[in-house]
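Worksheet: one structure, shown below.
The values are calculated or read from the model by the stated rules, or taken from the named source; none is laboratory data. The structure presented is a predicted model; accordingly, all values stated were derived computationally and were not measured. No Cβ is skipped: glycine too gets one built from the backbone with ideal geometry, and neighbour counts run over all protein chains shown. What goes into the accessible areas is simple: the full protein's heavy atoms, side chains included, and nothing from ligands, DNA or RNA. Shrake-Rupley method; radii C 1.70, N 1.55, O 1.52, S 1.80 Å.
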Amino acid sequence: MSVIGGTEETTTGVLRLRAMERRRLLPYPVVAINDAETKRLFDNRFGTAQSSLDGIIRATNELIAGKTVVIAGYGHCGRGIASRARGLGADVIIAEVNPIRALEAVMDGFRVMELLDAAPVGNIFIAATGSISVIRREHFAHMEDGAILSNAGHFNVEVDLNDLESAAVNRRTLRPNVEQFETADGRRLILLAEGRVVNLGAADGHPASVMDLSFAAHALAVEWLAEQNGVLEIGVHQLPSELDLRVAEMKLASMGRSIDVLTERQRNYLDSYEEGTK
Ligand SMILES: NC(=O)c1ccc[n+]([C@@H]2O[C@H](COP(=O)([O-])OP(=O)(O)OC[C@H]3O[C@@H](n4cnc5c(N)ncnc54)[C@H](O)[C@@H]3O)[C@@H](O)[C@H]2O)c1
């Protein structure tokens, strides 16, 4: 039996599949579940935020209130972490490479600066970019004694472990998921969960009550792929918006929440070009 199609959950997975699509290496159509609104606006934002902070708190038992938390990446994950860290009383600094995201962070009321400038003032660093070597040698060189390093984004590559190891003259495990790297000038940098995603390494990952949204999207996408068998072109596809909306409707219903519907008058108004133009 041949494969009809696939569905992909993660931001990084979708990036890789798009790279395969550009090189014409995809063998079948794939639905980018990560790009569905009911996935990234909830799982990436609320799920990653809560579970990453949970991981940091479980591992270290640090009080977040009053700490300076530096977040690299103000995407779906970074935005969520920033808002939750602020809610816990942290002074939040954002580092970005995308000017629109950086501007958004400024207007959301966060301090935005280059990571190098944030390095000496941060107490807790959280990388959530999907990229490699984001927190690295030059940042470690400027960090305060006791700075905590964590990754909420991708694999174990966002905090540069090679750079950290080579900056250290001594390393020891302080408690599970907490490793101290002592530099030649006597500063202690604290790495959480071996630089792996801290919400999985040091906590239980996302709560089921946010994963259900993504998994519902996968289930509907699989059904849609089966219906589209032989019709859909090979490539990376968006989840059709009606299915995205259906996931949200089902979630709202499961939470016992109901919402308004457009009246016929409103539908006609929104659909017209004669009204509201003069
Ligand atoms: N820990 C988890 O459970 C979990 C859950 C969802 C997603 N993720 C992962 O988190 C990562 C981010 O996902 P997302 O949905 O927020 O992606 P996103 O594309 O919405 O955001 C990433 C942001 O990082 C910025 N960025 C990239 N390189 C940077 C750098 N060097 N310095 C500062 N900013 C930089 C980008 O400009 C972008 O705004 C991905 O790898 C994704 O797979 C993890």
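It is to be established whether one or more residues within region 16-26 are under 30 Å from Leu245 (Cα atoms), away from the ligand (no atom under 15 Å from the Cβ), of a type outside the set (Gly, Ala, Ser) and not in a helix (DSSP H, G or I).
Our first condition is that a residue be under 30 Å from Leu245 (Cα atoms); within region 16-26, this holds for 16-22, 26.
Those left that are additionally away from the ligand (no atom under 15 Å from the Cβ): 20-22, 26.
Next, only the ones that are of a type outside the set (Gly, Ala, Ser) stay: 20-22, 26.
Then drop every residue that is not not in a helix (DSSP H, G or I), which leaves 26.
Looking through region 16-26, at least one residue is under 30 Å from Leu245 (Cα atoms), away from the ligand (no atom under 15 Å from the Cβ), of a type outside the set (Gly, Ala, Ser) and not in a helix (DSSP H, G or I).
Within region 20-51, being under 20 Å from the mean Cα position of the chain (by Cα) and open to solvent by 20 Å² or more (accessible area, probe 1.4 Å) holds for Asp35, Glu37, Arg40, Leu41, Phe42, Arg45, Phe46, Gln50. Selection of region 225-250 for residues being among the β-branched types (Val, Ile, Thr) and in contact with a Leu (Cβ under 8 Å, 6 or more places away or on another chain) yields Ile234, Val236, Val247.
Exactly one residue out of Ile81, Ile71, Ile64, Ile135 is touching a Phe, Trp or Tyr at 6+ places or on another chain (Cβ under 6 Å) and either of a type in the set (A, V, I, L, M, F, W, C) or surrounded by fewer than 17 Cβ atoms within 10 Å (Cβ to Cβ) (or both), and it is Ile135. Close Cβ contacts (under 7 Å, 6 or more residues apart or on different chains) running from residues in region 190-209 that are open to solvent by 30 Å² or more (accessible area, probe 1.4 Å) to residues that are within 11 Å of the ligand (Cβ to nearest atom) and of a type in the set (D, E, K, R) comprise His206/Asp43.
Annotation: of all residues in region 100-119 being open to solvent by less than 60 Å² (accessible area, probe 1.4 Å) and in a loop (DSSP other than H, G, I, E, B), the one that is nearest to Tyr74 (Cα to Cα) is Phe110. Scanning region 117-140 for residues that are hydrophobic (A, V, I, L, M, F, W, C), more than 10 Å from the ligand (Cβ to nearest atom) and out of contact with any helix residue (DSSP H, G or I) (no Cβ under 7 Å at 6 or more places or on another chain) yields Ala118, Val121, Phe125.
Which of the residues spanning region 59-102 are hydroxyl-bearing (Ser, Thr, Tyr) and within 15 Å of the chain's Cα centre (by Cα)? It would help to see each step written out before you state the result.
We begin by selecting, within region 59-102, every residue hydroxyl-bearing (Ser, Thr, Tyr); these are 60, 68, 74, 83.
Selection gives Tyr74, Ser83.
Those residues that are within 15 Å of the ligand (Cβ to nearest atom) and part of a strand (DSSP E or B), I need them from region 41-87; list them, please. Listed by number, the residues that qualify are Val69, Val70, Ile71, Ala72.
Kindly check whether there is at least one residue in region 238-248 that is modelled with pLDDT of 95 or more and within 30 Å of Val134 (Cα to Cα).
Here is the first cut: in region 238-248, the ones modelled with pLDDT of 95 or more are 238-248.
In the following step, the residues that additionally are within 30 Å of Val134 (Cα to Cα) were identified as 238.
Yes, region 238-248 contains a residue that is modelled with pLDDT of 95 or more and within 30 Å of Val134 (Cα to Cα).
When the residues of region 1-15 are filtered to those that are away from the ligand (no atom under 12 Å from the Cβ) and hydroxyl-bearing (Ser, Thr, Tyr), the one that is least open to solvent (accessible area, probe 1.4 Å) is Thr7.
On inspection, Val97 passes the criterion of being within 12 Å of the ligand (Cβ to nearest atom), under 21 Å from Gly195 (Cβ atoms) and open to solvent by 50 Å² or more (accessible area, probe 1.4 Å). Using the structure shown, decide if Ala203 is of a type in the set (A, V, I, L, M, F, W, C) and either within 16 Å of the ligand (Cβ to nearest atom) or in contact with a Cys (Cβ under 8 Å, 6 or more places away or on another chain) (or both). Criteria met by Ala203.
Within region 144-165, residues that are near the ligand (Cβ under 10 Å from one of its atoms) and modelled with pLDDT under 95 reach partners that are in a loop (DSSP other than H, G, I, E, B) and open to solvent by less than 40 Å² (accessible area, probe 1.4 Å) with beta carbons closer than 8 Å, at six or more positions or on different chains, in the pairs His154/Gly130. Among residues that are under 24 Å from Leu245 (Cα atoms) and over 15 Å from the mean Cα position of the chain (by Cα), Thr11 is not included. Taken together, Ala184, Ala167 contain a single residue that is among the aliphatic types (A, V, I, L, M), in contact with a Phe, Trp or Tyr (Cβ under 9 Å, 6 or more places away or on another chain) and open to solvent by 30 Å² or more (accessible area, probe 1.4 Å), which is Ala167.
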